[in-house]
Amino acid sequence: MPVELAYYGHACFGVKGGGATLLIDPFLTGNPLAAASADEVEADYILVSHAHGDHLGDTVSIAQRTGATVISNHEIATYAETQGVTAHGLHIGGGYDFPFGRVKLTIAHHGSSFPDGSYGGNPCGFLLSIEGKNIYHACDTGLFYDMKLIGEEGIELAILPIGDNYTMGPKDALRAVKLIEPRVVIPIHYDTFDLIKQDPAAFAKAVEAETQAKCVVLKPGESYSL
Ligand code: NI
Ligand code: MN
């Protein structure tokens, strides 16, 4: 079965596969480029990479409305539970076999405080194994050489930030592709704000010129079938 990905803008994806609908980093309210609204998206599980407002986003309200289980680091999972939401906490390097597939948390070099400044644990990326396919969503991170270890798992799709300033920019994201060697790359975390304006077509051209990967540039609202 294919895995269906819907890009809602910034770092947010809807992922359908393994009999479930996942939502990753649902920053919709307040996102000028969001392609969905928080009161209409569906989710059985919501994956949250870190507690910054542009990733935690509408997690609590969507989980309260849909009954979705929040999957995140222990600190964010514990916070979600205080909001009356079901949550499953993991930590970096740890994975768990959910009914839809496996989720493992990877390292991410970034911060993770909540919007009010309180501690949000360590930021992470996600290695998802769904329908026999490995998807690496790097979330917010700088380049790190251990991406090579993630690549050794055999990555079908790598979702990588290219915005620069807060995360990798296009040059380091290209180096990341060379370390991970995925079959497909989707760039994210650009153009939402002026500080992270980028040219995704130029990034795609560089990826396809210098690596074996196919680069798919999605506009918010567009989908990709893996
Ligand atoms: Ni962040
Ligand atoms: Mn961010």
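So, in the range 47-71, of the ones that are in contact (Cβ under 8 Å) with a residue 40 or more places away in the chain, open to solvent by 30 Å² or more (accessible area, probe 1.4 Å) and assigned to a loop (DSSP other than H, G, I, E, B), which residue ends up nearest to ligand 2 (Cβ to nearest atom)? Per the stated criteria, the residue is His52. Where residues in the range 13-46 are in a strand (DSSP E or B) and touching a residue at least 40 places away in the same chain (Cβ under 8 Å), which of them is nearest to the chain's Cα centre (by Cα)? This residue is Ile24.
Based on this model, can you work out whether Thr211 counts as open to solvent by less than 40 Å² (accessible area, probe 1.4 Å), more than 25 Å from Asn73 (Cβ to Cβ) and modelled with pLDDT of 95 or more? Criteria met by Thr211.
Of all residues in the range 36-73, those being within 16 Å of ligand 1 (Cβ to nearest atom) and not acidic (Asp, Glu) number 13.
Within the range 150-178, the set of residues being part of a loop (DSSP other than H, G, I, E, B), away from ligand 2 (no atom under 14 Å from the Cβ) and touching a residue at least 12 places away in the same chain (Cβ under 8 Å) comprises Glu153, Gly154, Ile155, Glu156. You will find that of Ile135, Ile92, the residue that is more than 16 Å from ligand 2 (Cβ to nearest atom), β-branched (Val, Ile, Thr) and assigned to a strand (DSSP E or B) is Ile135 and no other.
With respect to the stated conditions, Gly117 is more than 20 Å from Ala204 (Cβ to Cβ), within 15 Å of ligand 1 (Cβ to nearest atom) and assigned to a loop (DSSP other than H, G, I, E, B). If you scan the range 180-193, which residues turn out to be of a type in the set (A, V, I, L, M, F, W, C) and closer than 17 Å to Phe126 by Cβ? Passing the criteria: Ile180, Val184, Val185, Ile186, Ile188. Among residues of the range 80-114 being within 16 Å of ligand 1 (Cβ to nearest atom) and buried (at least 20 other Cβ atoms within 10 Å of the Cβ), the one that is nearest to Gly53 (Cα to Cα) is Ser112. Is it true that Ile76 is open to solvent by less than 60 Å² (accessible area, probe 1.4 Å), away from ligand 1 (no atom under 16 Å from the Cβ) and either under 16 Å from the mean Cα position of the chain (by Cα) or over 24 Å from Ile130 (Cα atoms) (or both)? Criteria not met by Ile76.
Is it the case that some residue within the range 79-88 is assigned to a strand (DSSP E or B) and more than 16 Å from ligand 2 (Cβ to nearest atom)? Yes: the range 79-88 contains one or more residues that are assigned to a strand (DSSP E or B) and more than 16 Å from ligand 2 (Cβ to nearest atom).
The values are calculated or read from the model by the stated rules, or taken from the named source; none is laboratory data. Being a predicted model, the structure only gives us computed values, none of them experimental. Because the Cβ atoms are built from the backbone with ideal geometry, glycine has one as well, and the counts that use them run over all protein chains shown. Each accessible area value is taken on the protein alone, full model and side chains, heavy atoms only, with ligands, DNA and RNA left out. Shrake-Rupley method; radii C 1.70, N 1.55, O 1.52, S 1.80 Å.
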